[in-house]
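Read through the structure below, which is laid out as structure tokens, and then see the notes.
No value in this document is a laboratory result; all are computed from the given coordinates. Please read these numbers as outputs of a predicted model, since none were measured by experiment. Every residue, glycine as well, gets a Cβ built from its backbone with ideal geometry; the counts of neighbours run over all protein chains shown.
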Amino acid sequence: MKHFIRTVAAAAMLAAVASSAQAQANVTVKDAWVRATVPQQKATGAFMQLQAAKDSKFVSVSSPLTPTVEVHEMAMQGDVMRMRQVQSVELPAGKTVELKPGGHHIMMMNLKAQVKEGDTVPLTLVFEGKDGKREQVEIKAPVKALNSAAKPAHAGH
């Protein structure tokens, strides 16, 4: 009986620590969404707002939707807007960093099937703190219509 009580107490303590760790996650994700595709389209983007409690960086992302998921940025090179993969996106403490069309965003490539409005896409985001410790945040981003754009900053005010 003592062994059973110890086991239950240990399990309760582990559950409390796990829920406390989740409640104290360094990075919060808001307004995540994925752009729908047309049939045969092989790539799409994911967009969201990230806010870190401590200085951190967004270092990688994965999804069961496709094995090829990268963090990208759009930037001017001379007179041409170009897209390129980046190793990380800085997340200054307390500041919202927006992943949006035309800026930093997530690219999902080599899609095997159409991504349709109303679907949800699971994403695992990986963040790294100044101490080198990594944190994963799992989200399910809704798929929005092809003509969707980022919400204006003043939306909802």
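Whole-Hz Karplus ³J(HN,Hα) for the range 31-45, in order, using 6.51 cos²θ - 1.76 cosθ + 1.60 and θ = phi - 60°, x for Gly and Pro?
The phi angles translate into 6, 6, 7, 10, 7, 5, 10, 9, x, 6, 5, 9, 8, 8, x Hz.
Any chance you could tell me what percent of the C-alpha pair distances in the range 27-144 go past 25 Å?
It works out to 21 percent of all Cα pairs.
Using a Förster distance of 25 Å, how high is the FRET efficiency between A25 and Q87, based on the Cβ-Cβ distance and rounded to 0.05?
0.65
Name the lysines eligible as straight-distance cross-link partners of K57: C-alpha to C-alpha under 18 Å, and not fewer than 8 places from it in the same chain.
K30, K95, K100, K130, K133
Compute, for the range 93-141, the length of the dipole vector about the Cα centre, with Cβ point charges of +1 (Lys, Arg) and -1 (Asp, Glu) only. Units Debye, rounded to 20.
On the way: 8 positive and 7 negative charges, 14 e Å.
The calculation lands at about 60 debye.
Got a sec to turn the phi values of the range 71-80 into Karplus ³J(HN,Hα) couplings, 6.51 cos²θ - 1.76 cosθ + 1.60 with θ = phi - 60°, whole Hz, x for Gly and Pro?
8, 10, 9, 9, 8, 6, 10, x, 9, 10
The range 17-114: which trypsin sites (Lys or Arg not before Pro) are DSSP loop and have at most 15 other beta-carbon atoms within 10 angstrom?
On the way: sites: K30, R35, K42, K54, K57, R82, R84, K95, K112; in loops: K42, K54, K95, K112.
Qualifying residues, ordered by number: K42, K54, K95, K112.
Need one number: nm distance between label points at A43 and I139, each 7 Å from Cα along Cα→Cβ, rounded to one decimal.
2.1
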